[in-house]
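The values are calculated or read from the model by the stated rules, or taken from the named source; none is laboratory data. Because the structure is a prediction, the values reported are computed rather than measured. Because the Cβ atoms are built from the backbone with ideal geometry, glycine has one as well, and the counts that use them run over all protein chains shown.
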């Protein structure tokens, strides 16, 4: 009977650990991940970030045209989620000038693993959307310190869209660097000098940024308790 009680005790700790772990699932840190808008006024070309931009959602300008939610009614395709997507449209006269939007959040999960992703689609053909033969889409995650000075950037690089009229996912992963106080996510589309005579459309949808949560103090305490209970049980069984 005593042995049964000890096993029950260990099982209870394990169950508590499982419950605690389930409450610390990584959440999407981005506001309006499906680009339903409205977007807020963003940076002008050459401008610097300000802390006031953190946590307010997508900013609609960083050197290209003003961005806005797009319902894709002019396209044979549809938003991947919800009623809207972001349209980054580049005309030939806008070659080498990225279109898109960005979002800044306050986050200091130094040393934690992060994952960021977005979906992109073009309905205007693949050949004209190339940038030096690489592709029109660049997805970036940038880290800043408390003064909003740049620490580092992790990006997909200018990546190709593999098929017309198909949503394709782009993902970057890594570890939040030391000194991080803010994280920015950029989704951008750009065409090169070899663009066609018409406008190239790149739609974005379903953006996400997750940072692995640190274990809660109660989780760590329960883990220690569970380990101690199991070790005690093993020792008693050997005795």
Inspect region 157-164 for any residue being closer than 15 Å to residue 116 by Cα and crowded, with 21+ Cβ neighbours inside 10 Å and give the result as yes or no. no
Search region 92-132 for residues being at pLDDT below 80 and touching a strand residue (DSSP E or B) at 6+ places or on another chain (Cβ under 7 Å), and hand back the single one that is nearest to residue 28 (Cα to Cα). 129
Would you confirm whether or not region 42-52 contains a residue that is at pLDDT 75 or above and part of a helix (DSSP H, G or I)? yes
Given (1) in a loop (DSSP other than H, G, I, E, B); (2) buried (at least 18 other Cβ atoms within 10 Å of the Cβ); (3) modelled with pLDDT of 90 or more, number of the condition residue 86 does not satisfy: (1)
Cβ-Cβ below 7 Å, separation at least six or inter-chain, first residue in region 167-183 and at negative phi and free of Cβ contacts under 8 Å to residues at least 60 places away in the same chain, second assigned to a loop (DSSP other than H, G, I, E, B) and surrounded by 13 or more Cβ atoms within 10 Å (Cβ to Cβ): which pairs? 168/161; 170/156; 172/156
Of everything in region 60-83, what is closer than 17 Å to residue 36 by Cβ, at pLDDT below 90 and surrounded by fewer than 20 Cβ atoms within 10 Å (Cβ to Cβ)? Give them in sequence order. 66, 68
For residue 135, are the conditions met, namely being touching a strand residue (DSSP E or B) at 6+ places or on another chain (Cβ under 8 Å), at pLDDT below 95 and surrounded by 15 or more Cβ atoms within 10 Å (Cβ to Cβ)? yes
